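Single-structure report; data block below.
The values are calculated or read from the model by the stated rules, or taken from the named source; none is laboratory data. Only a predicted model underlies this, so the values are computations on that prediction, with no experimental measurement involved. Note: ideal-geometry Cβ built from the backbone for every residue, glycine included; neighbour counts use all protein chains shown. Just the protein is used for accessible areas: all its heavy atoms, side chains included, with ligands, DNA and RNA removed. Shrake-Rupley method; radii C 1.70, N 1.55, O 1.52, S 1.80 Å.
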Amino acid sequence: MPSATRIKTVEVLKAILPLAGVIIVFQFTPLQMPLHTFYQFLIGVGMVIAGMVLFLVGIDVGILPVGEAVGGELPKRGSIPLVIGIAFLVGFTATVAEPDVMVLTQQIDIVSGGTISENLLIYVIAIGVAFFVSMAMIRIVRGFPMKYLLTIGYATVIVLSFFTPQEFVPVAFDSGGVTTGPMAVPIILALGLGFSSVLSNRSALSDGFGLIGLASVGPIIGVMTMGIILH
């Protein structure tokens with residue numbers, strides 16, 4: 001087994017086995033589940049382990065290098081509109097492909113009885129992330145502090161919370177949380193690190209990080225705005 005795959009396998013086992021162990025222990029207590037459900041759980045654990053190993057190896061082998069390559073190439077083009085467009089497209093597609101977003105939107109669609117459409121919610125979340133990823137790229141180019149964008153973003157969230165229908169507020173904050181998943185995070189971070197690494201006299205540590213925290217504000221604002229419009 002290649003070393004990269006072995007390392008990822010160990011990491012996944014460390015993450016999954018404690019949870020699986022707790023459920024297995026519960027099976028020998030009054031909290032036990034039906035046997036067929038327990039067997040399904042064991043099969044599911046095996047599938048999750050295999051899937052996560054392949055997913056994480058794929059991220060390291062393909063997604064991260066491509067994200068850094070794209071980010072490193074953008075400043076060479078010298079076009080702000082191109083930077084904004086590519087950053088928006090990357091942020092949008094990464095969010096649409098995010099498994100956590102899919103799970104959340106499906107559950108909300110079911111619980112709301114279709115009132116909050118799964119597809120609409122996915123696109124609103126993706127647009128929110130994409131917009132703030134684009135703003136983060138502009139911030140790196142212009143060199144102004146991250147705190148300004150974060151202050152404006154969260155101030156907007158606070159103001160919107162007074163006008164957003166009550167049922168949309170928790171959905172909005174959960175929407176911001178699920179964007180920090182295993183698909184979107186590596187792509188957005190790699191894009192930012194690649195972008196800042198080729199700019200002269202810039203720190204990849206201060207410029208390349210913080211994008212995820214900033215991007216998570218976008219879905220909150222987007223879903224709150226959607227709630228106000230649909231109400």
Report task. Could you tell me which of the residues PHE55, PHE41 is among the aromatic types (Phe, Trp, Tyr), touching a helix residue (DSSP H, G or I) at 6+ places or on another chain (Cβ under 7 Å) and not in a loop (DSSP other than H, G, I, E, B)? Result -> PHE41
Query raised in the report: Out of curiosity, is PHE28 in contact (Cβ under 8 Å) with a residue 24 or more places away in the chain, out of contact with any helix residue (DSSP H, G or I) (no Cβ under 7 Å at 6 or more places or on another chain) and either more than 25 Å from GLY194 (Cα to Cα) or in a helix (DSSP H, G or I) (or both)?
Result: no
Query raised in the report: Given the conditions (1) open to solvent by less than 70 Å² (accessible area, probe 1.4 Å); (2) modelled with pLDDT of 85 or more; (3) more than 27 Å from ARG142 (Cα to Cα), and given that VAL25 satisfies all but one, which numbered condition is not satisfied?
Result: (1)
Query raised in the report: Across the stretch 112-156, what is the number of residues that are in a loop (DSSP other than H, G, I, E, B) and open to solvent by 30 Å² or more (accessible area, probe 1.4 Å)?
Result: 8
